[in-house]
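To start, the structure itself, in structure tokens.
The values are calculated or read from the model by the stated rules, or taken from the named source; none is laboratory data. From a predicted model like this one, the values you see are computed outputs, not experimental measurements. We place every Cβ from the backbone using ideal geometry, glycine too, and count neighbours over all the protein chains shown.
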Amino acid sequence: MPPENSTVNTPNSPAGRDIAALRKALRQAAIAARETLPATARAERSARIEIHLDALLETLAPRTLAFCWPWRGEVDLVAWTGRWLAADPLRQAALPEVTGPAQPMRFRRWQPGDAMATDHHGIPVPAHGAWVEPDMILVPLNAFDAAGYRLGYGGGYFDRTLAALDPAPLCIGVAFELARTETTHPQPHDQPMDWIVTEAGSFRAAARPDFSG
């Protein structure tokens, strides 16, 4: 559920339409900033993100890791995931696939060199990978706040998927620090991340309890 100080309104109310407009503008601005990031800055920040992911996953030790093929300037984790797989033959990786309108996504096993197809959004997916259930998902973030709430592309795919998965996987939001915002104006359907990883480090999301102690 969203934090107590978030703004929740029905979609068709005047206030709800205002929040929807705010979220749309925030999403568009964040994507534009990411897409115009210079190549040298992108490479340097991505390398730092990979270092922080290495350290976090060493602690959390997932066995089946889902990630997303990069889209519209998102952090590219394809090569990094290949290296993560190569370090342990018992590890598995997967990519999400949209199976139908307003349906939760499913995850196909992926390995470097696999034949790829594209979904109806034009995003690469494994052509023949077996369906698997991840115990961790690396989730791209257009914008995010310290509570761990994110803005995707507005289709609700990840929120439906995370709400449907049982047991729930750990969710690690991955983005450049420029995507950070004071609030994403979370709504009742929004599913917060467990962790956020940017070039600045890895952070436990404030909306999630910390059971490490």
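State whether the residues of region 33-45 include one that is of a type in the set (Ser, Thr, Tyr) and under 18 Å from the mean Cα position of the chain (by Cα).
Within region 33-45, none of the residues are of a type in the set (Ser, Thr, Tyr) and under 18 Å from the mean Cα position of the chain (by Cα).
Hey, could you check region 1-28 for residues that are surrounded by 14 or more Cβ atoms within 10 Å (Cβ to Cβ) and in a helix (DSSP H, G or I) and say which is modelled with the lowest pLDDT?
Among those residues, the one meeting the criterion is 16.
Residues that are free of Cβ contacts under 8 Å to residues at least 24 places away in the same chain and surrounded by 16 or more Cβ atoms within 10 Å (Cβ to Cβ), at least 1 per element: which strands (runs of 3 or more DSSP E) completely within region 68-122 meet that? Step through it out loud before you land on a result.
Values: elements: 92-97, 106-110, 116-118.
Per the criteria, 106-110.
Kindly indicate whether any position in region 54-61 is in contact (Cβ under 8 Å) with a residue 40 or more places away in the chain, not basic (Lys, Arg) and not in a helix (DSSP H, G or I).
Scanning region 54-61 turns up no residue that is in contact (Cβ under 8 Å) with a residue 40 or more places away in the chain, not basic (Lys, Arg) and not in a helix (DSSP H, G or I).
Can residue 59 be described as closer than 18 Å to residue 199 by Cβ, among the polar types (S, T, N, Q) and modelled with pLDDT of 95 or more? Working first, answer last.
Working: closer than 18 Å to residue 199 by Cβ: no; among the polar types (S, T, N, Q): yes; modelled with pLDDT of 95 or more: yes.
The answer is no for residue 59.
So, in region 177-193, how many residues would count as being part of a loop (DSSP other than H, G, I, E, B) and within 22 Å of residue 45 (Cβ to Cβ)? It would help to see each step written out before you state the result.
The first filter runs over region 177-193 and keeps only residues part of a loop (DSSP other than H, G, I, E, B), leaving 181-193.
Cutting the leftovers down to within 22 Å of residue 45 (Cβ to Cβ) gives us 181-182, 184, 193.
The total comes to 4.
Residue by residue, here is whether (1) modelled with pLDDT of 95 or more; (2) over 21 Å from residue 108 (Cα atoms) holds:
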residue: 136; (1), (2): yes, no
residue: 142; (1), (2): yes, yes
residue: 145; (1), (2): yes, yes
residue: 156; (1), (2): no, no
residue: 163; (1), (2): no, no
residue: 169; (1), (2): yes, no
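Residues in region 30-41 that are free of Cβ contacts under 8 Å to residues at least 60 places away in the same chain and either at positive phi or not hydroxyl-bearing (Ser, Thr, Tyr) (or both): how many?
Residues of region 30-41 that are free of Cβ contacts under 8 Å to residues at least 60 places away in the same chain, as a first pass: 32, 35-36, 38-41.
Subset that is either at positive phi or not hydroxyl-bearing (Ser, Thr, Tyr) (or both): 32, 35, 38-39, 41.
So the count comes out to 5.
Could you grab me the full set of residues in region 157-176 that are part of a helix (DSSP H, G or I) and free of Cβ contacts under 8 Å to residues at least 40 places away in the same chain?
Step one: list which residues in region 157-176 are part of a helix (DSSP H, G or I), which gives 157-164.
Across region 157-176, the qualifying residues are 159, 162.
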